[in-house]
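For reference, the structure discussed in these notes is given below.
Computed from the coordinates by the stated procedures, all read-outs in this text should not be read as laboratory data. This one's a predicted model, so the numbers in the text were calculated from it and none came from an experiment. Using ideal geometry, Cβ is built from the backbone for each residue, glycine included, and neighbour counts are taken over all protein chains shown.
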Amino acid sequence: MDPLSLLLPSASRPLAVATAGTAPPKPTGLASARIVLPRRRSWRPRPGRLPAVSTMAPRSDEAPAAEGRFDWLDQWYPFAPVGELDPRAPHGKTVLGLNVVAWYDRAGAGEWRVFADACPHRLAPLSEGRIDGKGRLQCVYHGWCFDGAGACRFVPQAPALGPPVHTNSRACVASYPCVVQNDILWFYPRTEPEFRDVLQRKRPPFFAEMDDPAFFTVFGMRDFPYGYDIMMENILDPAHVPYAHKGMVPCFPNEEDPGRVEHDQEGGDPIEIKIQQDNIDGFLSRMKQGEMEFVAPCTLHGTNPGKVNVDGKIEIWFMYVLLCVPVSPGRSRLIWFWPRNGGVWLHKITPRWYSHMWLNRVLDSDLYLLRIQERNIAAAGLDKWHQACYVPTSSDTMIVAFRNWFRKYCNNRIVWAVPQPQADHQLPPIQAMDKQLERYWSHVAQCRSCSAALKAMRALEVALQVASVAAIGFLAVAKGTPAASAVPRAAAVAAAVLCFAASRWLAGFIENNFHVAAPYIHADKLYVSYQEIL
């Protein structure tokens, strides 16, 4: 899914983003101070530097020879939005092949910690543990407890008057540098002592708008059964939206293509894209619909204001931040943020789970297609992508730019933090479509809003069933009494039928939106105009 299509912009401007070369407000401990940086009001390339390159017909085979290598282990990676993390429990995830666990250290500095997800005793997952009464992370296999620094504080099986085995260095858990910034928990995938203060040298990308109280941010995350490079391709591709998401995302036919004779019902048209910066740290692209910047390895962001600030009026500004996380070969995670300063009241009263339902349907619509595409690309060979794929139009410019970056600086490979049992060209097997569209573990279990909505809907489903049975019971009990007259009897029957029908509808709604989505069959999709979508 391409985020630019959801914004429907009329203009664009760059964001104030802090990367390794610039410093956002210094975090206090592990949590960043909520200081709003001044926004840049304009952006102009300096003369003689980074000229805009028109790529109306990009030549994918002209990428320069490799110079330097991108260090995958010298980067900050997003674990999750803090709003999705329950401080009362540990949370396990896989990032860059690492199994890690995040937990809230209330007994220490009151900060989030990220550990290796393996107890040093017998390597049981700490993410299946709990936070004990003293605020320590407890392994539930044998009860070993750890503090915020990873030191073991209690071994129940060790005699109190015996050797202090918990003080042995082998009893410690590996701890990763981490920081909360923009309400995102980031971690650095190295545990060596020399990286303990890495935050002083290198910081995660920073977005001032996400800490600005004038903005409201909708966020969420989901895991996908295809790899990081396929996710990046998909998000960087504005041309696929009217076709792969037909009838789900509004599209406007282009009336400005001179000489065009044929128009299709989906409204596809030429998209002129220019790459204005391109180096080992990513690239900046600009187009009529807005701009997008890729900050390697995970961050894609853009903005498109709808109004200019004139006569003291507050301009409407809508931006997006997308974090594409490499999980393991053939697996990736998308974390999204949609900050905006317009219509804030409406978004505050709209539950997140409601917006997640629509977005998940959009993401589902090309999921199976992308999984098969990934297999086809792997069969052709990642090193031969430029030969296997024919990309003659400007609409593919950002995909070509990403593939050139991936080839030039990464040798078409992700350097996983731990050896992977599957090489990049040996992907997990493709499952049936209904298995690929599994929604609960990929999203709902990771989303506090959707989990709470699911719990409430299940309770409502049970209440409707009980009400239906109670109405029938009322008829049985009231038989032969004045309450069993025609009107009360008809009302009870109607209530029983309606409650039962509502419970069955709700059961189907829960199944299709919280467990397994209904398959999106592209051949069955008819033309849906923008007016019909509205």
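Miscellaneous remarks
- Table column - 3J(HN,Hα) (Hz), the range 364-370, Karplus curve with 6.51, -1.76, 1.60, x for Gly and Pro: 5, 5, 10, 4, 5, 4, 5
- Once the Cα-Cα distance is subtracted from the 0.36 nm per residue extended length, the ALA501 to ILE372 segment shows a gain of 42.6 nm.
- Tensor-based shape of the range 125-207 (alpha-carbon gyration tensor, a/c under 1.5 rounded, otherwise prolate or oblate): prolate
- Relative packing of 109-122, 149-162, which averages over residues the other C-beta atoms within 10 Å, highest first: 109-122, 149-162
- Convex hull volume of the range 69-159 per residue (C-alpha atoms, cubic angstrom): 109
- When peptides 494-504, 368-378, 389-399, 233-243 are sorted by average Cβ neighbour count within 10 Å, with the highest value leading, the order is 233-243, 389-399, 368-378, 494-504.
- Extension gain from TYR390 to LYS288, taking 0.36 nm per residue of separation minus the Cα-Cα distance: 34.3 nm
- Summed side-chain charge close to VAL497 - residues other than VAL497 whose Cβ falls under 13 Å, Lys, Arg +1, Asp, Glu -1: +2
- Amide H contacts of VAL516: ARG439, each under 5 Å away and 5 or more positions distant or on a separate chain (H built 1.01 Å from N in the peptide plane; Pro and chain starts excluded).
- The slack in the chain from VAL218 to ALA486, taken as 0.36 nm per residue of separation less the alpha-carbon distance, amounts to 91.3 nm.
- Each residue of the range 283-295 was assigned a 3J(HN,Hα) from its phi angle through the Karplus curve 6.51 cos²θ - 1.76 cosθ + 1.60 (θ = phi - 60°); the sequence is 7, 10, 10, 10, 8, 4, 6, x, 9, 9, 10, 9, 9 Hz, with glycine and proline shown as x.
- Sequentially through the range 185-194, phi angles give Karplus couplings (6.51, -1.76, 1.60; θ = phi - 60°) of 8, 10, 9, 10, x, 10, 10, 5, x, 5 Hz, Gly and Pro residues having no value and appearing as x.
- Value of Rg to Rh for the range 452-516 (Rh from inverse mean 1/r over Cα pairs, i.e. Kirkwood): 1.15
- Average projected area [Cα convex hull, the range 354-431], square nanometres: 7.4
- For the peptides 441-453, 338-350, 94-106, the ranking by mean Cβ contacts within 10 Å, running from highest to lowest, is 94-106, 441-453, 338-350.
- The range 177-237 shape via C-alpha gyration tensor axes, a/c threshold 1.5: oblate
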